[in-house]
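Enquirer: Here it is: the structure, laid out below.
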Amino acid sequence: MKEKTLRTLEYHKIIERLCDNAGSACGKERCRETVPLTDLFEIERLQEETQDALSRIYAHGSLSFSGIHDIRASIKRLDMEAGLSAGELLHVGSLLVAVKRIRDYGTGDEREDSLSERFRMLEPLVSAASEIDRCIISEEEIADDASAGLKNVRRSIRITNEKIRDQLASIVSATDNKSYLQDNIITMRDGRYCIPVKSEYKNRFPGMVHDQSAKGSTTFIEPAAVVNLNNELRELAGKEQEEIKKVLKTLSEMLVPHISSLEFDMETVTQFDVIFARAMLAKSMNASRPVFSKEGIIDIRKGRHPLIDKSKVVPIDIRLGGEFTMLVITGPNTGGKTVSLKTVGLFTLMGQSGLHIPAFDGSRLTVFDNVFADIGDEQSIEQSLSTFSSHMTNTVSILKEADENSLVLFDELGAGTDPTEGAALARAILSDLHERGIHVMATTHYAELKAYALTTPGVCNACCEFDVATLSPTYRLLIGVPGRSNAFAISGKLGLSGQLIERARGYMTQKEKSLDDVIEGLSASRLEYEQKNEKASEALGEAEKLRERLEQKNEKLDATREKIIENAREEAEKILREAKEYADATIRKINKLAGSGAPMRELEEERGALRDKLSGAGRKKKDFSKKPGTPITDPSQLKVGDRVHVISLNVDGKVAALPDRKGDVGISMGAMHTTVNISDLAAAEAEPVPEKKEKTGAGAIRIQKAYDVGMSVNVIGMRVDEALPIVEKYLDDAYLAGLQNVSVIHGRGTGALKDAVHGLLKRLKYVSSYRFGTFHEGDRGVTIVEFKQTN
C-alpha cells in the first residue's frame, strides 16, 4: 500500500491505538511495523488469531505482558560465550517469569484454537529463572548466598569492618582526644576509614592524611592503628568483585545451552503481545471479525468510523461489488460523504492488517492489492499547485497505477474548476475506471454524475440523508437513492419568499427538473419502504414476544403436570401404606385375642373394623362406573370425591365442588386446586394398588420424550439470540428423555455462535462434557454433548 494512502486514511492513528494496547517495548515496536497484507491466507490467519485471543479475553480476562525486556542483544553475547551483567541476567529472569505466566494462561484453557500449540511450546526454564532470582537481588546487589566463596568473603569484610570501627571508636571516645577532634565521628575518604582532626593537632595522631576541609580547619587522618586493617578491607573488596564475576559467569554459562529456547520465547511472547493487542483494540472498539469475500463484495453493516467519538458516530451500511462496482455519493456538505469514503478505505486497511472492524458480525470485505485515495484539500504553495491541479495530479497517478484489484476513493471528483468542464472530466474518469472493472467510490455535487449512475449498468447512486425539517444532516448513507441539493427547501425554511423560489425553478431546464422529480420520487419510495420495513420489524418483534410467552406457558404447564403426577403418586402410596399398617396391626391383635381365648364377639368386632377401614381405602380408589376415557356429559353423574380425568392436562383429580350453571367443576389435584369445565372431563381409570414402587412422574415423561426428541439440533444460519433458547430447550428435553449424548450443529462461520453454545454448555449442570465432532461427525462445525447419568 502507498504511504500517502495510509496517511490520507489516517491508518497511523489506528496503529498508535494498537501500540497503546501492547505491554512490552518489543510488542510496541512490532505493532508499529503492522501493514496491510495482500495474501488472503495470511490475512485469514491473522484474523483467526485475533478472534481466538478475543475469545480468551472474554473467557479469562486480559493477559499481562509486563516484565518482558528485549534480550536479543544478551542472547547474541551468550552465543559468543561472553558473560552477562547482573542487569542483563535480571532481564532474562524477568522474561522467563513472564513466559511461565503466559503459558499458564494459555494452557489453562481446554479449548483448541490457533494459539494453543504456541502456548504449549513456550519454555519458561523454571530452574534457570529461580537460580537467577536466588543469586541476584538487583542490578547493584548480588545475594550473599550466590556462592560459598562470596559468602566467606563478605563475612570477612563484616568482621574487618567491625575491627576497624572498634579501633576508631576507642580513639574518638578517649577523653584526652576530644579537644583535638573536630567531631566525635568516624568517616570515610577514598574508601578508607578516617577521623576528623583539627588541623593544628594533626601531628598528635600518627597515620595517613587523606583529605582536608575546604577552609583547612579539618584534616582527615587514617590512624596508623587501622592502616593494616583498611588495607585488608581493600583486598577483601577486590576478592568480592572476583567472586561476583564468578557468579555472573556461572549464571551465564547456565543459560548457554538454552539459547534457542530463549530466542523462541522472546519471539513468541512478542507475537502474543501483538496478537492480544489486536484483540484488546477490537474489544475497546466493540469490533467484529470481517468475512473476506472472494467475489469482490464489500458489505459493511452498521459500520462506525473508529476515530470518531463513540457517542457521536452514526453507524452506516455500505455495499459495493456484486451488482455494482462503482458508488456515486451525493449530498450536502458536512453530511458524511467523506466519512463514508474513509470508513470503507480504513476498514479495508484494518481488515488486511488482521484487525477487527467496528461493525456488525457478518460484514464483508475484499482483499485489494492497492487502495488509492484522493481526499481532502491537496493545495500546495511550495509546488505552485492549485487545489484542482493537485487533485488532478493525484488522479493521473491513480489512473496509471490502478487495476482490477484496486479500490479507488475520490472525494469531490472534478471540483475546483468550471462546473461544466469538471463534470465532463469526472464522468470521463469514472467511465474509464468502470470499463476497467475497478472498484470505485466517489463523492460529488454534479447532477451529471447522478444521471450517469442512473443510466449506467454496474454504477449505483447513494446519498447522505438530509433532514429538511431540522436543516441538518442525519449522516445516514442511503444506497440506491441519488442525493438532492435541497437548496430550494433550505432557502424556504430560512425565509426566502416562495415567489423567488418559483422564479428560480423557472430558470432550471426541463431536463434538470425531470432529474429532480426522479430523485424526489426515489426518496419518497425509499421513505415508504423504510416505514413498511419498520412496521414489519415491529410485527416480527411482537411475534417473537408471543412465542416467548407461549414457551413460558408451556414450561409452566409441564411443571404443573409433573407436580400433579408426583402429588397423586405420593397420595396413593400414603393411602396404601396406611391401609397396610392398619391391616397388619389388626391381624396381630386378632391373633393375640385368639391365643388368649377372648370371646368371639371381640374377634368379630376387630374383623368388622378392618373391613370398614379397607372399604374406606377402596372408596378413595373407586371411580365412575363409566368406562375409562368416556367423556362426562351429565352433571348429575358427579359427586364430591369422585375421581375424574382432566383431558387438557392429561392428569387425574377429584371432584371438590359440583358443577355450577356454566358447567365449571372444582377439581382437586393433590395439593393443587383448579376449575375445569365439565366438557374437559372424562371418566378416570381405576386407580391400581401398587405392590412395589414403579417409575412414574419424571420417568414417564422421559419415556414419552425419548420418542419425540431427535439426536441433534441444527441452528446454522441463526443469530446468537435466536439460537441459544432453541439449543437450551432441546438440551432440556434430551436430558429428560434420558439420552446419553446429542449433537449441536452450529457450523463454523465466524465462531460467535460456537462460542455462545459452548458458554451455555458450561452453565448447564446436567452436562458432563462436550467436544468438537470428529471428521465423520461434522468436525468443528458440530459439538457433541455428553449428559450426566441419572439412576
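The values are calculated or read from the model by the stated rules, or taken from the named source; none is laboratory data. Because the structure is a prediction, the values reported are computed rather than measured. Note that we place each Cβ from the backbone using ideal geometry, even for glycine, and neighbour counts take in every protein chain shown. When the accessible area is computed, the model is the full protein with side chains, heavy atoms only, and any ligands, DNA or RNA have been set aside. Shrake-Rupley method; radii C 1.70, N 1.55, O 1.52, S 1.80 Å.
Enquirer: Which of the following residues is at pLDDT below 95 and over 25 Å from P457 (Cα atoms): V339, V328? Walk me through how you get there before you give the answer.
Expert: On the way: V328 fails: over 25 Å from P457 (Cα atoms).
The match here is V339.
Enquirer: Then there's this: What are the pairs, 6+ residues apart or on separate chains, where a residue within segment 232-250 that is of a type in the set (K, R) has its Cβ under 6 Å from a residue that is open to solvent by 30 Å² or more (accessible area, probe 1.4 Å) and outside any helix (DSSP H, G or I)?
Expert: Final answer for the pair search is K249/G83.
Let's see how each residue does on (1) open to solvent by 60 Å² or more (accessible area, probe 1.4 Å); (2) more than 20 Å from the chain's Cα centre (by Cα):
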| site | (1), (2) |
| --- | --- |
| E16 | yes, yes |
| A22 | no, no |
| E33 | yes, yes |
| T38 | yes, yes |
| E44 | no, no |
| E48 | yes, no |
| Q51 | no, no |
| L54 | no, no |
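Enquirer: Return the only residue of E571, E606, E602 being farther than 21 Å from V665 by Cα and modelled with pLDDT of 65 or more.
Expert: E571
Enquirer: Taking segment 107-122, which residues are assigned to a helix (DSSP H, G or I) and among the polar types (S, T, N, Q)?
Expert: Selection gives T107, S116.
Enquirer: Anything in segment 713-731 that is in a loop (DSSP other than H, G, I, E, B) and of a type in the set (G, A, S)? List them, or say none.
Expert: Hit for segment 713-731 is G717, nothing else.
Enquirer: Show the residue pairs meeting these rules: Cβ distance below 6 Å; 6+ apart or different chains; first residue within segment 292-318 and over 24 Å from R45 (Cα atoms); second residue open to solvent by 80 Å² or more (accessible area, probe 1.4 Å) and part of a loop (DSSP other than H, G, I, E, B).
Expert: Taking only residues 6 or more apart or on different chains, the pairs are K302/F360.
Enquirer: Give the residues of segment 257-314 that are of a type in the set (S, T, N, Q) and in contact with a helix residue (DSSP H, G or I) (Cβ under 7 Å, 6 or more places away or on another chain), sorted by residue number.
Expert: Answer for segment 257-314, where residues must be of a type in the set (S, T, N, Q) and in contact with a helix residue (DSSP H, G or I) (Cβ under 7 Å, 6 or more places away or on another chain): T268, T270.
Enquirer: Give me a count of the residues in segment 123-175 that are surrounded by 16 or more Cβ atoms within 10 Å (Cβ to Cβ), outside any helix (DSSP H, G or I) and of a type in the set (D, E).
Expert: Total satisfying the criteria: 1.
Enquirer: Taking I564, is it in a helix (DSSP H, G or I), modelled with pLDDT of 70 or more, surrounded by 13 or more Cβ atoms within 10 Å (Cβ to Cβ) and in contact with a strand residue (DSSP E or B) (Cβ under 6 Å, 6 or more places away or on another chain)?
Expert: yes
Enquirer: Please list, ordered by first then second residue, the pairs with beta carbon atoms under 6 Å, 6 or more apart or interchain, first in segment 486-498 and among the small types (G, A, S) and assigned to a helix (DSSP H, G or I), second at pLDDT 70 or above and open to solvent by less than 50 Å² (accessible area, probe 1.4 Å).
Expert: Between residues of segment 486-498 that are among the small types (G, A, S) and assigned to a helix (DSSP H, G or I) and residues that are at pLDDT 70 or above and open to solvent by less than 50 Å² (accessible area, probe 1.4 Å), the close pairs are G492/I501.
Enquirer: Can you name the number of the only condition in (1) in contact (Cβ under 8 Å) with a residue 12 or more places away in the chain; (2) over 22 Å from A86 (Cα atoms); (3) not acidic (D, E) that I142 fails?
Expert: That leaves (2) as the condition not met.
Enquirer: Find the strands (runs of 3 or more DSSP E) located wholly in segment 264-381 whose residues include 2 or more that are over 18 Å from the mean Cα position of the chain (by Cα) and surrounded by fewer than 22 Cβ atoms within 10 Å (Cβ to Cβ), and list them.
Expert: 298-303, 316-320
Enquirer: I'd like the full set of residues that are touching an Asp or Glu at 6+ places or on another chain (Cβ under 9 Å) and among the polar types (S, T, N, Q), limited to segment 398-439.
Expert: Answer for segment 398-439, where residues must be touching an Asp or Glu at 6+ places or on another chain (Cβ under 9 Å) and among the polar types (S, T, N, Q): N405, S406, T420.
Enquirer: Related question: Just checking, which of H91, H12 is open to solvent by 30 Å² or more (accessible area, probe 1.4 Å), under 19 Å from A277 (Cβ atoms) and not in a loop (DSSP other than H, G, I, E, B)?
Expert: H12
Enquirer: Given the structure, is A469 modelled with pLDDT under 85, assigned to a helix (DSSP H, G or I) and either out of contact with any Gly (no Cβ under 7 Å at 6 or more places or on another chain) or not aliphatic (A, V, I, L, M) (or both)?
Expert: no
Enquirer: Moving on to the next point. Where the second residue is assigned to a loop (DSSP other than H, G, I, E, B) and open to solvent by less than 20 Å² (accessible area, probe 1.4 Å) and the first is on the phi < 0 side of the Ramachandran plot and among the aromatic types (F, W, Y) and lies in segment 48-67, which pairs have Cβ atoms under 9 Å and are six or more apart or on separate chains?
Expert: Pairs found: F65/A22; F65/S24.
Enquirer: Further question on the same structure: What number of residues within segment 193-223 satisfy the criterion of being open to solvent by 60 Å² or more (accessible area, probe 1.4 Å), part of a helix (DSSP H, G or I) and either within 30 Å of V153 (Cβ to Cβ) or not acidic (D, E) (or both)?
Expert: Here the count works out to 4.
Enquirer: Something else about it: For G437, work out the one condition from (1) more than 23 Å from N370 (Cβ to Cβ); (2) in a loop (DSSP other than H, G, I, E, B) it doesn't fulfil.
Expert: (1)
Enquirer: Taking the residues in segment 730-782 that are within 30 Å of G362 (Cα to Cα) and aromatic (F, W, Y) as candidates, determine which candidate is most open to solvent (accessible area, probe 1.4 Å).
Expert: If we take residues in segment 730-782 being within 30 Å of G362 (Cα to Cα) and aromatic (F, W, Y), then F775 is most open to solvent (accessible area, probe 1.4 Å).
Enquirer: Of the residues that sit in segment 739-791 and are within 21 Å of D721 (Cβ to Cβ) and of a type in the set (D, E, K, R), which one is modelled with the lowest pLDDT?
Expert: Out of the qualifying residues, it is R748.
Enquirer: Identify all residues within segment 70-88 that are open to solvent by less than 70 Å² (accessible area, probe 1.4 Å) and either over 29 Å from D52 (Cβ atoms) or in a loop (DSSP other than H, G, I, E, B) (or both); write none if there are none. Lay out the reasoning, then the answer.
Expert: At the first step, the residues of segment 70-88 found to be open to solvent by less than 70 Å² (accessible area, probe 1.4 Å) are 71, 73-75, 78, 82-88.
Those that are open to solvent by less than 70 Å² (accessible area, probe 1.4 Å) and either over 29 Å from D52 (Cβ atoms) or in a loop (DSSP other than H, G, I, E, B) (or both): I71, A73, S74, L78, A82, G83, L84, S85, A86, G87, E88.
Enquirer: In contact with a strand residue (DSSP E or B) (Cβ under 6 Å, 6 or more places away or on another chain) and of a type in the set (A, V, I, L, M): does that describe I298?
Expert: Yes: the conditions hold for I298.
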